[in-house]
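Structure first, then comments.
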Amino acid sequence: MAETGKTAKLSFGDKELELPIHSPTVGPDVIDIRKLYAQGDVFTYDPGFTSTAACDSTITFIDGDKGELLHRGYPIDQLAEKSHFLEVCYLLLYGELPSASELEDFESRVTNHTMLHEQMVYFYRGFRRDAHPMAIMTGVVGAMSAFYHDSTDVSDPWQREVASIRLIAKMPTIAAWAYKFSIGQPFVYPRNDLDYASNFLRMCFAVPAEEYEVNPILARAMDRIFTLHADHEQNASTSTVRLASSSGANPFACIAAGIACLWGPAHGGANQACLEMLREIGTPDRIPEFIARAKDKNDPFRLMGFGHRVYKNFDPRAKVMKQSADEVLDLLGIENNPTLQVAKELEKMALEDPYFAEKKLYPNVDFYSGIILDAMGFPTSMFTPIFALARTVGWISQWKEMIADPQMKIGRPRQLYVGETRRDYVDVEDR
Ligand code: CMC
């Protein structure tokens, strides 16, 4: 972080404090309050972290007003169009685009780790068949620390590297097997002659009884969905991974914590909730009813796939996703998809509505992704596992950055205590 020489003056009661200001390479300055409690005997209060920078990071930058998302400086729309998921993984993990030989080496390292320990098959079998795949993924990823003991020592950079590659490599197998288990089909083992996205599609949709040819259009669309979800700065699940790992917990436990956080409908679970909402709306004539419900303060309903904590403009990922939805449905020969029609009409009507305009609520990444995944043949319950699979590289990159940071400390927020003050215990017969 750059020292600016600038300071912020804070006065309260009889105290006057001078707090250093640091400048990022891009984005708003930050006031360094680390000494505030020691010098001023006060805490800051920021539930939901709306104004708090919790770390230094060089990985991802979001300009929410402009609707810009950069990974290591590269705009997401350029990466989605010109790059591919494993190259983006390399960029996120190591900071630069790889040379051809670096990429080849990285791809071969990932490919060599795609299989799961065979004992894990029994672990899957312990779940109910109707378990949500996110429940299975949380359990299986957490359980990896019981299978891969040689990559759990976070103080060893080599073990951290091995754990990173293992997680990125095995996540498609873990997610695909969660799906296979839920539909009662045999697990399909990874094939290392296929690219990352094709291999995932095959593990999800192939059966031993017949040949399965990966459709290259779907593989490209799948890869783009992975790319668009790869990282997103200090969002709730990434912050969960950072907080969990600040205690020194092993990487598999920390990523399992990230998956658990992602599952919620305000975060990664929104893609499932959004498609379910679009289906419930069903036809464009019912849209006004749902918009009215979303605006009604007494109704907890929200437009899923709309709004974002950081973006106060179009989510750049949603723009690419919308274009991708059109392309994929067109290439698959799916005409007049009613859900896509409802989505487009809903987007148009919401954007014209003063409520959404004033609150700067725009479609986010989850608004169109479900339509593509549905067209590919995924059930809604697999939407969030696919998000988790793709976000794993972001979690891992942020985790590695944090562990290597000399400023790293255990995360320990404080609170504004509003409970009872000290009082004496009352025996049960006297209460
Ligand atoms: N529909 C209707 N009203 C909304 C919506 C929505 N989707 N989102 C926000 N608002 C309103 C909200 O009621 C509030 O109004 P008021 O100021 O009158 O109280 C105002 O807009 C600000 O909302 P907030 O809840 O304070 O904003 P937040 O930054 O805490 O929440 C959010 C962000 C994404 C949780 C929220 O917009 C939301 O619940 N959206 C729907 C769920 C969704 O699509 N989530 C995916 C997010 S992107 C991918 C990811 O992170 O995984």
request  = In debye, nearest 20, what is the charge dipole magnitude of region 312-417 about its Cα centre with +1 on Lys and Arg Cβ and -1 on Asp and Glu Cβ, if you could check?
outcome  = 820
message = Give me the net charge for the shell around residue 212: Cβ to Cβ below 12 angstrom, other residues only, Lys and Arg +1, Asp and Glu -1.
response = -1
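Can you bin region 45-153 into rounded, prolate or oblate? Criterion: square roots of the alpha carbon gyration tensor eigenvalues sorted a ≥ b ≥ c, rounded for a/c under 1.5, prolate for a/b above b/c, oblate for the rest.
Oblate shape, in that a/c is at least 1.5 and b/c is the bigger or equal ratio.
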message = Pairwise over distinct Cα atoms, reciprocal of the mean inverse distance: report the Kirkwood radius of region 1-60 in Å, one decimal place.
response = 12.9
Label-to-label distance, nm, for residues given as residue 16 and residue 429 (7 Å Cα→Cβ offset) = 6.3
query = Where a Cα-Cα gap under 23 Å defines reach, which lysines qualify for residue 9, not counting those fewer than 8 residues away within the same chain?
reply = 35
task = Give the distance, in whole Å, between the Cα centre of region 54-113 and the Cα centre of region 183-233.
result = 21
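Only Lys, Arg, Asp and Glu count, each charged at its Cβ (+1, +1, -1, -1), so figure out the dipole size of region 294-342 about its Cα centre, rounded to 20 debye. Walk me through the numbers before you get to the answer.
Working: 8 positive and 7 negative charges, 99 e Å.
Charge dipole, region 294-342, about its Cα centre: 480 debye, nearest 20.
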inquiry  = Once you compute Rg and the Kirkwood Rh from C-alpha atoms, what is the Rg to Rh ratio for region 155-274?
reply    = 1.00
ask   = chymotrypsin sites (Phe, Trp or Tyr not before Pro) within region 330-431: which are DSSP loop residues with at most 15 other Cβ atoms inside 10 Å?
value = 417, 425
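Which value in deg cm²/dmol, rounded to the nearest 500, describes the helix-derived mean residue ellipticity at 222 nm for the chain, given -39,500 (n - 2.57) per DSSP H run of n ≥ 4 and division by the residue count?
On the way: 18 runs with 212 residues, N = 431.
Computed mean residue ellipticity for the chain: -15000 deg cm²/dmol.
Viscosity 1.002 mPa s, temperature 20 °C: give me the Stokes-Einstein translational D for the chain in µm²/s, with Rh taken as the Kirkwood radius over C-alpha pairs. Before the final figure, lay out each step's value.
Working: Rh = 23.5 Å.
Roughly 91 µm²/s, to the nearest whole number.
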query = For the cross-link pairs 6/66; 170/400; 82/360, which exceed 22 Å when the distance is taken from alpha carbon to alpha carbon?
reply = 6/66; 82/360
request  = Compare the peptides 118-127, 245-254, 285-294 by average per-residue count of other Cβ atoms within 10 angstrom and give them in order, highest first.
outcome  = 245-254, 285-294, 118-127
ask   = Using a simple charge model, +1 on the beta-carbon of Lys and Arg, -1 on the beta-carbon of Asp and Glu, nothing else, what dipole does the chain show about its Cα centre, in debye to the nearest 20?
value = 660
query = Which length gain, in nm to one decimal place, applies between residue 301 and residue 335 when the Cα-Cα distance is subtracted from 0.36 nm times their residue separation?
reply = 9.2 nm
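Based on the Cβ-Cβ distance of residue 207 and residue 405, what FRET efficiency does E = 1/(1 + (r/R0)^6) give at R0 = 45 Å, to the nearest 0.05? Display every interim value, and only then the final one.
Working: r = 46 Å, r/R0 = 1.03.
Step by step, r from the Cβ atoms, then E = 0.45.
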ask   = How much length, in nm to one decimal, is gained on full extension between residue 82 and residue 66, taken as 0.36 nm per residue of separation minus their Cα-Cα distance?
value = 3.6 nm
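Rounded to the nearest 0.05, what FRET efficiency do residue 155 and residue 345 have when you use their Cβ-Cβ distance and R0 = 60 Å? Walk me through the numbers on the way to the answer.
Numbers: r = 55 Å, r/R0 = 0.91.
Efficiency, from the Cβ-Cβ distance: 0.65.
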query = Where does region 276-431 land on the Kirkwood hydrodynamic radius, alpha-carbon pairs, in angstrom?
reply = 19.3
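Bear in mind that the values in this text are calculations on the coordinates, not laboratory data. On a predicted model such as this, the values are computed, not experimentally measured, just so you know. Here the Cβ is made from the backbone with ideal geometry for all residues, glycine too, and neighbour counts use every protein chain on show.
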